[in-house]
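Engineer: Take a look at this one; I'll ask things after.
Values quoted throughout were computed directly from the atomic coordinates according to the rules given, and no laboratory measurement underlies them. This is a predicted model, so every value here is computed, not measured. Quick reminder, even Gly has a Cβ in these numbers, built from the backbone with ideal geometry, and neighbours come from all protein chains shown.
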């Protein structure tokens, strides 16, 4: 049985999952957190499902070695490819995943047209197809892969002209089709929400699932009597260049922090 004071392990292909980590810290300020950015292999969206599953296994093993009492896959692509296998291998471990917010978007749309910005890996996954079948049969869903966007966010380029031009090229066709609800289907994308808000009319809703994941984590920890009550600590790990991640942490996390190298 894990101790309440044990940390929650969170990982993503890069720094995008910090948007989820931010929501977790806001909702669960007493929880100690381990965050691992697999930046040596970012983005996952262009990798094979087999490769992503292997990374999920390696990273999970490491986070468990660090004492993690629960796991959050702060990545839609990793969830789609790897969460079923992780749950099978670790049946006693609380594991929370991400998925594009198809259900709330389908409920929110008034025009009946929902746009999805996501990685190629997420959009091609069986998990995403199942979400559409289950929750979006009565609406029109237009998907838009966003190659290159993750890399710009990884570099902290959240509002430059090049990022704006990329986004505009993807969003304008969706708006032309009558989209009034836009799903941010990658955990990196909430960081460019302010820029997106400048590119779409005020009636277009932008939806992501970070807050919902934090609520779900709280529910699961409470059900297993694992909610922490003491002083929290956050540790950061990176399989890429720790110094580069340290440079973008003040932009994406809001404060400076040291980053430890993960060699797995």
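Engineer: Sorted by average packing, counted as other Cβ atoms within 10 angstrom per residue and highest first, what order do 21-27, 195-201 take?
Structural biologist: On the way: 21-27: 19.4, 195-201: 14.4.
Descending mean neighbour count gives 21-27, 195-201.
Engineer: Calculate the all-directions average of the projected area of region 4-136's alpha-carbon convex hull, and give it in nm². Spell out each step's value before the answer.
Structural biologist: Values: hull surface 34.4 nm².
So the mean shadow area of the Cα hull is 8.6 nm².
Engineer: Please tell me the relative contact order of region 96-233 in percent, rounded to the nearest whole number, where contacts are Cα pairs under 8 Å and at least six residues apart. Write down the numbers at each step before the final one.
Structural biologist: Values: 168 pairs, mean separation 45.9, N = 138.
Normalised by residue count, the contact order of region 96-233 is 33 percent.
Engineer: Turning to a different aspect of this structure: Name all residues of region 108-143 having a backbone nitrogen under 13 Å from the label point set 7 Å from the Cα of residue 176 along its Cα→Cβ direction, giving them as ranges.
Structural biologist: No residue passes the distance filter.
Engineer: If I build a Gaussian network model for the chain, linking alpha-carbon pairs within less than 10 angstrom, which residue out of 91, 190, 173 has the largest mean-square fluctuation?
Structural biologist: 91
Engineer: Could you pull the Rg and Dmax for region 174-233, using just the Cα atoms, both in Å?
Structural biologist: 16.7, 51
Engineer: Which one of 247, 31, 157 has the biggest mean-square fluctuation once the chain is modelled by GNM with Cα springs under 10 Å?
Structural biologist: Top of the fluctuation ranking is 247.
Engineer: Calculated from the structure, Rg/Rh (Cα atoms, Kirkwood Rh) equals which of (i) 1.09; (ii) 0.98; (iii) 0.96?
Structural biologist: Working out Rg/Rh (Cα atoms, Kirkwood Rh) from the coordinates points to (iii).
Engineer: Summing -39500 (n - 2.57) over the DSSP H runs of n ≥ 4 in the chain and dividing by its residue number, what mean residue ellipticity at 222 nm do you reach, to the nearest 500 deg cm²/dmol?
Structural biologist: Values: 11 runs with 117 residues, N = 264.
When only DSSP H runs of four or more count, the value is -13500 deg cm²/dmol.
Engineer: Also, quick follow-up: Using mean Cβ contacts within 10 Å as the protection proxy, how do 165-171, 227-233, 176-182 order, highest first? Intermediate results must be reported in sequence, preceding the final value.
Structural biologist: Numbers: 165-171: 16.0, 227-233: 12.7, 176-182: 18.7.
Highest mean packing first, the order is 176-182, 165-171, 227-233.
Engineer: Suppose a student asked you for the relative contact order of the chain, using Cα pairs under 8 Å spaced at least 6 residues apart; what percent would you report?
Structural biologist: Working: 496 pairs, mean separation 76.3, N = 264.
It rounds to 29 percent for the chain.
Engineer: Turning to a different aspect of this structure: Connecting C-alpha atoms closer than 10 Å in a GNM of the chain, tell me which of 80, 162, 105 has the biggest fluctuation.
Structural biologist: So, out of 80, 162, 105, the one fluctuating most is 162.
Engineer: Any idea how far the Cα center of region 146-168 sits from the one of region 218-256, in Å?
Structural biologist: Answer, in whole Å: 24.
Engineer: If you don't mind, another one. Run the simple label-point estimate for residue 225 and residue 111 please: 7 Å along Cα→C-beta, distance reported in nm.
Structural biologist: The modelled label-to-label distance comes out at 5.2 nm.
Engineer: From a point 7 Å beyond the Cα of residue 124 in the direction of its Cβ, which residues of region 82-107 have a backbone N at a distance under 17 Å?
Structural biologist: What the label zone holds, given the 17 Å backbone N cut-off, is 82.
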